1. Step by step: first the residues of region 302-331, then only those that are within 33 Å of the chain's Cα centre (by Cα) and of a type in the set (Val, Ile, Thr), then the one that is nearest to residue 94 (Cα to Cα). Which residue is that?
2. If the Cβ limit is 6 Å and pairs must be 6+ apart or interchain, which residue in region 130-144 that is not assigned by TED's automatic domain parsing to the domain that holds residue 286 pairs with which residue that is among the hydroxyl-bearing types (Ser, Thr, Tyr) and within 6 Å of ligand 1 (Cβ to nearest atom)?
3. Taking the options 295, 277, name whichever one is under 30 Å from the mean Cα position of the chain (by Cα) and either away from ligand 2 (no atom under 16 Å from the Cβ) or not in a helix (DSSP H, G or I) (or both).
4. Does any residue of region 77-87 turn out to be of a type in the set (Gly, Ala, Ser) and within 16 Å of ligand 1 (Cβ to nearest atom)?
5. Counting just the residues of region 236-272 that are part of a loop (DSSP other than H, G, I, E, B) and in contact with a helix residue (DSSP H, G or I) (Cβ under 7 Å, 6 or more places away or on another chain), which one comes out nearest to residue 197 (Cα to Cα)?
6. Please pick out the residue among 277, 308, 314 that is of a type in the set (A, V, I, L, M) and loosely packed, with under 13 Cβ neighbours inside 10 Å.
7. I'd like to verify a number: residues in region 129-143 that are closer than 18 Å to residue 108 by Cβ, more than 6 Å from ligand 1 (Cβ to nearest atom) and surrounded by fewer than 23 Cβ atoms within 10 Å (Cβ to Cβ), how many?
8. May I ask you to list pairs of residues, at least six apart or on different chains, whose Cβ atoms are under 8 Å apart, with the first in region 225-240 being at negative phi and the second being away from ligand 2 (no atom under 15 Å from the Cβ) and β-branched (Val, Ile, Thr)?
Amino acid sequence: MATKVEEPKFFYELIRILDNAYTGDKVSISREVESIALKFEKKGLHERAGKLRSKAERLKSRSGQGFTQLQQSTEKLGFELFDPAESLNKARNFIPTSVNKIKIAELVSVVKKREVFWEAEIPIPNKTLMFGPPGTGKTVSAHYIANILDLPLILVRLDTLISSSLGGTAGNLRKAFDAANKQPCVLFLDEFDAIATNRSQLRGDGAESEMKRVVNSLLQNLDALDDEVMLFAATNLDSEIDPAVWRRFHNRMDFQLPNEEEMILYLDRNLEDNLLINDVLDLLMGRSFSDTEMILNKAKTKCILRSIEMNREIILESINENLMQKMEVCY
Ligand SMILES: Nc1ncnc2c1ncn2[C@@H]1O[C@H](COP(=O)(O)OP(=O)(O)OP(=O)(O)O)[C@@H](O)[C@H]1O
Ligand SMILES: [Mg+2]
């Protein structure tokens, strides 16, 4: 007697999904996925059902013009949006430190292996805190990663979400997370300390309890973040971050002023005459990449205007001008 072979499940659904994929009918594909989700639900596998439903929902919402829709929603909310090509432009000259290079490679492989994480039911480590002084490459790193992952990048400055109306800040925060959760993307939260402040350091009147509410709302949004959103939160002030917020993050990236090797690499790429590097290295060490970029651009402008070759004196002159400019900003 022939034994009955137990057939793997969802054969017909798979055929219909493939047929619809062939014609690009995302609405029908998501309908099929929803029906599979229902079967998981009936077996009590609620988490898997939920995951399938959210994928189906997302596919449906992308059936229009995905990026254009995202553009419209982020523009309305005042967030910046970059497609992967724009991010590449921003990160073209990016030089990661050796430690961050490894961390970036890990983050990229996490995304590439996300199905393995789902299978093992291990949370995807998709939240990274970035610390470091101004101009050391936090924003540019997020662009670099978004380009490698071929994902849009939504940039939100948390200080711009602060509202004077009661509950306004929490509402704005929610809108930022909602916009990101609609599709796989990189969400970059800049000036993170503006909201993630340590609750124990808060003093004062009603502002204190409002800020506590805001931190709580941040925690809820972090917990509910879709695992296909890569979140980066950047700050200059690590001591100010609330410990409960800290715990929500899986990864930490530190940014520092460039060391000698990194500065030489930067100059090698950005100075036409490589022989000048040794001549000017001592002038530029101890400065951020951002300051160095400003100084070199100033020096290059002077060379064009005066029709001369780049030299140590021009760079020195540009450093002094840069310093004067900074002092004017301070006063
Ligand atoms: N690691 C780097 N490699 C190459 N260029 C860099 C690097 N870091 C910074 N720069 C240059 O400095 C500029 C400013 O960098 P970026 O905005 O990423 O700094 P940041 O750390 O985000 O600063 P802030 O804390 O002020 O937001 C970039 O546009 C880039 O040109
Ligand atoms: Mg920045």
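1. If we take residues in region 302-331 being within 33 Å of the chain's Cα centre (by Cα) and of a type in the set (Val, Ile, Thr), then 319 is nearest to residue 94 (Cα to Cα).
2. Correct list of pairs: 135/290.
3. Values: 277 fails: under 30 Å from the mean Cα position of the chain (by Cα).
Selected residue: 295, the only one of 295, 277 that is under 30 Å from the mean Cα position of the chain (by Cα) and either away from ligand 2 (no atom under 16 Å from the Cβ) or not in a helix (DSSP H, G or I) (or both).
4. Residues of region 77-87 that are of a type in the set (Gly, Ala, Ser), as a first pass: 78, 85, 87.
This time we only want the ones that are within 16 Å of ligand 1 (Cβ to nearest atom), so: 87.
Scanning region 77-87, I find at least one residue that is of a type in the set (Gly, Ala, Ser) and within 16 Å of ligand 1 (Cβ to nearest atom), so the answer is yes.
5. First, the residues of region 236-272 that are part of a loop (DSSP other than H, G, I, E, B): 236-237, 242, 248-250, 255-259, 271-272.
When the remaining residues are screened for being in contact with a helix residue (DSSP H, G or I) (Cβ under 7 Å, 6 or more places away or on another chain), the result is 237, 242, 248, 255, 258, 271.
Numbers: 237: 10, 242: 5, 248: 14, 255: 20, 258: 28, 271: 41 Å.
Selected residue: 242.
6. On the way: 277 fails: loosely packed, with under 13 Cβ neighbours inside 10 Å; 314 fails: loosely packed, with under 13 Cβ neighbours inside 10 Å.
Just one listed residue meets the conditions, 308.
7. Residues flagged as closer than 18 Å to residue 108 by Cβ, more than 6 Å from ligand 1 (Cβ to nearest atom) and surrounded by fewer than 23 Cβ atoms within 10 Å (Cβ to Cβ) within region 129-143 amount to 0.
8. Listed by first residue and then by second, the contacts come to 227/124; 230/111; 235/241; 240/197.
The values are calculated or read from the model by the stated rules, or taken from the named source; none is laboratory data. Keep in mind that what you see is a predicted model, and the values were worked out from it rather than measured. Cβ: placed from backbone, ideal geometry, glycine included. Neighbour counts: every protein chain shown.
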